[in-house]
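Right, one structure below, let's go through it.
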Amino acid sequence: MRDQAKTKEQMVAELRSLRARLAEAQAQAPPPGPEPAPAAASPVFRQVFAQAALGMALVSPQGRFLRVNRHLCEMLGYSEHEFSALDLTQLVHPEDLEATQRHLANLPRGPRVVQQERRFLHRYGHALWVLVKSTLVHGQDGRLEYLISLYMDITQQKVAEAALSESEEKYRTIFETAGSAMVIMEEDTTILLANTEFARLTGTRKEDLNGKASWTQFIAPHDVQRMLGYHRLRRVDPGAAPRAYEAQVFDGQARLRDCLVTVAVVPGTRRSVASLLDLTERKQLEAQLRQAQKMEAIGTLAGGVAHDFNNILASILGFTEIALHDFLEPGHPACGPLEEVIRAAKRARDLADQILTFSRRGSEERLPLSLASVVKEALKLLRASLPAFIEISAPIDGQAGMVLADPTQMHQVVINLCANAAQAMGQAGGRLMVGLKLQDLDQQDADGLDGLAPGPHVCLSVGDSGQGMAPEVLERIFEPYFTTKGPGEGTGLGLAVVHGIVKGHRGAIQVKSTPGQ
């Protein structure tokens, strides 16, 4: 029993000595003494070598297998005898062969641990990813004698890494190419990752966003508290279906954009993913559509009423003129009142013609027309009728091109717009700006102008230095009989008629104004 115990103690001591020598070699320290040749390995080393749970081999500097253990044989499917006739270059995958040969040719001098990841071919043809860690063993003369190599099958790890990388790449692609702006943020709203669309929407660079900015600095102040409250609810119940809400977001020019925001919690974390869909253009188009539908409905109603009104006026005018000229002698007391009836009926007829013009159902004569000459003629008439304290600035491009239009109606458009601008300036005076130029519209510009066709158009612009309009007034300026003027100062039909003429000529009209501008 004592002899057996002593043998066990000797084995433990030899194993510890071997571990110490391997650790010293890995730390690139000089070996304490000459390394034993493979044939002279101690019994303990041979036992560890044979029973190791990893593949082990003694390999020559040229890559030949001097000795292999059972685990490596099972890993690659070859017997120990077959390994003796093989070298590394015969077992490595062809695509990794050149790197392996380079590795063997450039082994460092001195005791050192080197490692590499290579694909090895199993005896039956399938490839395995193997991590090879080798300790270089040198003789007393400093010459490399052999390598003690450990082989670890990391195929499953590589498959998992590839799947993870593919999954990350897939979701990164979705994150980057999504049609909406997206951010991933911490619980304190710090932005961890923003996609390109979010950077474009907010006018910032991604490198200035990730880890450096807060989500709340891009949200309008009146929406911040509501947004934070919603985020807290999402964290309390992360399994609930995402719910979208509208909020306003600052763009790169400090303008507010209307966005649809959807927030979800990242499973297993306290982080959130928010996506923002810019609704600004859609809302503008919806407002234009509502305005167009409203104007079309008003125009249809006004046109029908005007026709019926004209029929009634025809009877009133006709019978009044018959009564005045056929049944009454000149100087009859009833002549004066009947003449007033005729004058009122004619004013009503003119009003009905204006309504028909607004509804685009009046008669018109379209001719090839130089709009520049019409504008210049109208400005001459205006200059004579406007007060001297109103300055007229008129950069007119005489080469703006021809349009197919009714000259009388184009003249009416210029007069009505300029008269409206002059009235907006009032007695304070100011500057009336009239411009005419050729403008080539691309598809995006055309879509923003009530669906005009792309291509060359003539652009007439009229501006003034008056007090401007509030948004609620701006929304209604083309409605018939809507006016901000006092009694007797206007009928509210001027801009409605302009709108009808422009739309009747397949054009578009836009108004930009704010209080004070």
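The values are calculated or read from the model by the stated rules, or taken from the named source; none is laboratory data. Since we're looking at a predicted model, the values are computed, not measured. Positions of Cβ are generated from backbone atoms using ideal geometry, with glycine treated the same way; all protein chains shown enter the neighbour counts. These area figures cover heavy atoms from the full protein model, side chains too; ligands, DNA and RNA do not enter into them. Shrake-Rupley method; radii C 1.70, N 1.55, O 1.52, S 1.80 Å.
When residues of region 149-166 are filtered for being open to solvent by less than 80 Å² (accessible area, probe 1.4 Å) and in a helix (DSSP H, G or I), how many remain?
6
Can you name every residue in region 100-148 that is open to solvent by 80 Å² or more (accessible area, probe 1.4 Å) and either touching a residue at least 12 places away in the same chain (Cβ under 8 Å) or within 20 Å of F83 (Cα to Cα) (or both)?
Scanning region 100-148 gives Q101, R109, R112, Q115, R123, Y124, H126, K133, Q140.
Restricting attention to region 364-377, which residues are of a type in the set (G, A, S) and open to solvent by less than 50 Å² (accessible area, probe 1.4 Å)?
If the condition is that a residue be of a type in the set (G, A, S) and open to solvent by less than 50 Å² (accessible area, probe 1.4 Å), then S370, A372 are the ones that fit.
If a residue must be modelled with pLDDT under 80, assigned to a loop (DSSP other than H, G, I, E, B) and open to solvent by 80 Å² or more (accessible area, probe 1.4 Å), how many such residues does region 254-287 contain?
3
So, in region 208-225, how many residues would count as being among the hydroxyl-bearing types (S, T, Y) and within 18 Å of the chain's Cα centre (by Cα)?
0
Residues that are within 15 Å of I219 (Cα to Cα) and of a type in the set (G, A, S): does region 269-279 have at least one?
Yes; the residues of region 269-279 include at least one that is within 15 Å of I219 (Cα to Cα) and of a type in the set (G, A, S).
In this structure, does E82 turn out to be more than 60 Å from the chain's Cα centre (by Cα), surrounded by 14 or more Cβ atoms within 10 Å (Cβ to Cβ) and modelled with pLDDT of 85 or more?
Judged against the criteria, E82 is a match.
Let's see how each residue does on (1) open to solvent by 60 Å² or more (accessible area, probe 1.4 Å); (2) of a type in the set (D, E, K, R); (3) closer than 20 Å to S513 by Cα:
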site	(1), (2), (3)
L379	no, no, no
L382	no, no, no
P395	yes, no, no
G401	no, no, no
N416	no, no, yes
A422	no, no, yes
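Name the pairs: first residue in region 441-456 and farther than 13 Å from Q284 by Cα and touching a residue at least 12 places away in the same chain (Cβ under 8 Å), second residue among the polar types (S, T, N, Q) and open to solvent by 70 Å² or more (accessible area, probe 1.4 Å), Cβ to Cβ under 6 Å, at least 6 apart or on different chains?
From region 441-456, the pairs are P454/Q443.
Conditions: (1) modelled with pLDDT of 80 or more; (2) of a type in the set (K, R); (3) exposed (fewer than 15 other Cβ atoms within 10 Å of the Cβ). R19 meets all but one. Number of the miss?
All conditions are met except number (1).
Among the residues of region 289-322, which ones are at pLDDT 80 or above and either exposed (fewer than 15 other Cβ atoms within 10 Å of the Cβ) or outside any helix (DSSP H, G or I) (or both)?
Scanning region 289-322 gives N311, I312, A314, S315, G318, F319, I322.
If I filter region 403-414 down to residues being of a type outside the set (S, T, Y) and surrounded by fewer than 18 Cβ atoms within 10 Å (Cβ to Cβ), which single residue comes out as nearest to the chain's Cα centre (by Cα)?
It comes out as L404.
Taking the options T190, T202, T177, name whichever one is in contact with a Phe, Trp or Tyr (Cβ under 7 Å, 6 or more places away or on another chain) and either under 30 Å from L256 (Cβ atoms) or in contact (Cβ under 8 Å) with a residue 12 or more places away in the chain (or both).
Matching residue, one of T190, T202, T177: T202.
Kindly indicate which of L432, L438 is part of a strand (DSSP E or B), modelled with pLDDT of 80 or more, more than 19 Å from V497 (Cβ to Cβ) and open to solvent by 80 Å² or more (accessible area, probe 1.4 Å).
Going through L432, L438 in turn, the sole match is L438.
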